[in-house]
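**Q** Dumping the structure here so I can ask a few things about it.
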Amino acid sequence: MPDSPAREPADLLITHGLILTIDRADTTLRDGAIAVRGAEIIDVGPTKRLLDAYQPTEVIDATGQLVMPGLINTHTHSPAVLYRGLIEDLPLEAWLEKLWVSERQFVTPEYVRLGAALAQAEMLRGGTTTAVDMYWHPEELAQAALESGFRLVAGPVYFDGDAPDRQDTDSREASGREFLQQYRHHPTIIPCVMPHSTYTVSPKSLGRARDLAERFGALLSTHCAETATEVRTVSERHRYSPQGLLDELGMLDERTILAHCVHTSGSEIEQLAEKHVTVSHCPLSNLKLGSGVAPIPAMQKAGVRVTVGTDGAQSSNDLDMWTALRVNATLHKGVHQDPTLITAREALRMATVDAAEAIGLGGRLGSLEAGKLADVVILDLRRPHLTPLYDVYAHLAFAAGRDDVHTVIVHGKVVVRGRDMLTLRENDIMAEVNVLARDIQQSQR
Ligand SMILES: [Zn+2]
């Protein structure tokens, strides 16, 4: 018998799955496997070849399952899950005012930590492995993420006036600077400076946010042109539209993520493309708050990088990227009476590879390829609503949901296995949340 060559060590081998790589060629593999060592994917290929090549510590048999990259939510406010379903049926401005008045009573570091843990449990279980998360006390979001194993994009918020965290700009900036220093080279926490918007932050403070992001080479994310009222208010106050003001302040470039961009003109769309700005399209939040429908097909046509977000659960009620993905892949067809708009494949790319590029990890995340970080989601395909399977992209965009998510791996570590959350004590978290929720509800009376 010929000597078989020594097998290389691997920490994890996922075998016998339908592998959806979302690489440049949209490669799918039947009976495929993925080898992971440390945080990285070291090989993707036929199961037989990888079983011969690697000596894994752990094997996950993905027979009858789909293996795909983790979903990336490019806009949320995760601890706002604590306000889910409490304030409803109001226009954005009135709704925000009511929310902020209440939040001022409750937002503390402990509150943020608890809300983030609950939200990260929800997201991880649903196959979302990364989120761009704008919220007070970002250091608490990071602590929660380190515990849950979630990949987090977060950082200092800028907000002038009476903010829910009851801090002023100077003290928030000082702790923000520490945050950026601490996480600038971190493997799973990605720093991002987050001025809330052009209607809640003065041009002076926006400039400070810009300078801080530049100094640390951090991402920058803000709300932009979410409602017609916002565009009118900002235009009256500053003689520029929200996007115009951001441009005037030198805040539009390839490291910028603008949430919403619903009321964005044709020339502004051209500018987004020219400056390589990312748009985080949050279709459900925009629909539910009556904000309008963002001109996503025009943005696509102009070459703007469009990604998808859920927004916070205080407004759009869940952090389910599958619903956001499905609404994005459906809504624009209806609005424009054109079923060729936003294909299932495009919708999937927006929530994976395009989003990875938006957060500065284009070469490292968003697809299943050797050399990339192992953020992997395994879905059960043996379900009535996913049978038969002709086109996997169509299933993912129009039929699959978060209940189909079976196992989730982030940065090479299994965090959900067979629908069991391994990193968080969910029952304890929910019990604590229910105690706090009684006080929050009382305060609304
Ligand atoms: Zn938002």
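The numbers here are math on the coordinates, done by the rules we state, and not lab data. If you're wondering where the values come from, they're calculated on a predicted model, not measured in any experiment. Note: ideal-geometry Cβ built from the backbone for every residue, glycine included; neighbour counts use all protein chains shown.
**Q** Just how far, in whole angstrom, is the stretch 92-138 from the stretch 348-365 if you go by their alpha carbon centroids?
**A** 23 Å
**Q** Now for a different question. Alpha carbons only, please: Rg and Dmax for the chain, in angstrom.
**A** According to the Cα coordinates of the chain, Rg and Dmax are 21.6, 83 Å.
**Q** Charges on Cβ only, +1 for Lys and Arg, -1 for Asp and Glu, centred on the Cα centroid of the stretch 126-282; of VAL234, PRO156, PHE179, which one is farthest towards the dipole's positive end?
**A** The residue sitting farthest along the positive end of the dipole is PHE179.
**Q** Binning at 5 angstrom from zero up to the longest distance, how are the C-alpha pair distances of the stretch 376-445 distributed in percent?
**A** 3, 13, 17, 13, 13, 12, 11, 9, 6, 2, 0
**Q** Just want to confirm a number: the relative contact order over the stretch 84-176, from Cα pairs under 8 angstrom separated by 6+ residues, in percent.
**A** 28 percent
**Q** Take the alpha carbon gyration tensor of the stretch 79-191, find the square roots of its eigenvalues, order them as a ≥ b ≥ c, and report rounded if a/c is under 1.5; if not, report prolate when a/b exceeds b/c, else oblate.
**A** It is oblate, given that a/c is not under 1.5 and a/b is not larger than b/c.
**Q** Gaussian network model of the chain, Cα springs within a sub-10 Å range: biggest mean-square fluctuation belongs to which of VAL193, VAL81, VAL107?
**A** Evaluated over the chain, the most mobile residue of the options is VAL107.
**Q** What per residue convex hull volume, in Å³, comes out for the stretch 250-409 when only alpha-carbon positions are used?
**A** 133 Å³
**Q** For the stretch 21-69, what is the convex hull volume of the alpha-carbon atoms per residue, in Å³?
**A** Convex hull of Cα atoms, per residue: 88 Å³.
**Q** Of all DSSP beta bridges located in the stretch 1-62, what percent are antiparallel, nearest 5?
**A** Antiparallel bridges make up about 65 percent of those DSSP assigns within the stretch 1-62.
**Q** Same structure, new question: Does the stretch 83-132 classify as rounded, prolate or oblate by the C-alpha gyration tensor (a ≥ b ≥ c root eigenvalues; a/c under 1.5 gives rounded; else a/b over b/c gives prolate, otherwise oblate)?
**A** oblate
**Q** Sticking with this structure for a sec: Taking 2.2 N^0.38 Å as the expected size of a compact globular protein, what ratio does the Cα radius of gyration of the stretch 276-354 give against it, to two decimals?
**A** For the stretch 276-354, the normalised Cα radius of gyration is 1.01.
**Q** When only alpha-carbon atoms are used, what values of Rg and Dmax, in angstrom, describe the stretch 221-283?
**A** Here Rg and the maximum Cα pair distance are 10.6, 28 Å.
**Q** Still on this structure, I have one more. If you only keep lysine pairs separated by 8 or more in sequence, or across chains, how many in the chain come under 23 Å at the Cα atoms?
**A** Here the count comes out as 7.
**Q** So for each of 155-163, 432-440 I average, over its residues, the number of other beta carbons within 10 Å; can you give me the resulting order with the highest mean first?
**A** Result, highest mean Cβ count within 10 Å first: 155-163, 432-440.
**Q** I need the Kirkwood Rh of the stretch 1-139: take the reciprocal of the average 1/r across all distinct C-alpha pairs and report it in angstrom.
**A** Evaluated over the stretch 1-139, this radius sits at 18.5 Å.
**Q** A follow-up question, please. So how do 270-278, 116-124 stack up, highest first, on mean other-Cβ count within 10 Å?
**A** Those peptides, ordered most packed to least, come out 116-124, 270-278.
**Q** Assign one of three labels to the stretch 325-413, namely rounded, prolate or oblate, based on the Cα gyration tensor with a ≥ b ≥ c the square roots of its eigenvalues; rounded applies when a/c is under 1.5, prolate when it is not and a/b is larger than b/c, and oblate otherwise.
**A** Oblate is the answer for the stretch 325-413, as a/c is 1.5 or above yet b/c matches or exceeds a/b.
**Q** Percent relative contact order of the chain, based on C-alpha pairs within less than 8 angstrom and at least six residues apart?
**A** 20 percent
**Q** Still on this model: Once every DSSP H run of n ≥ 4 in the chain is given -39500 (n - 2.57) and the sum is divided by its residues, what mean residue ellipticity at 222 nm do you get, rounded to the nearest 500 deg cm²/dmol?
**A** Helix-only estimate at 222 nm: -11500 deg cm²/dmol.
**Q** Then there's this: Which percent, to the nearest 5, of DSSP beta bridges fully inside the chain are antiparallel?
**A** Among the beta bridges of the chain, antiparallel pairing accounts for roughly 45 percent.
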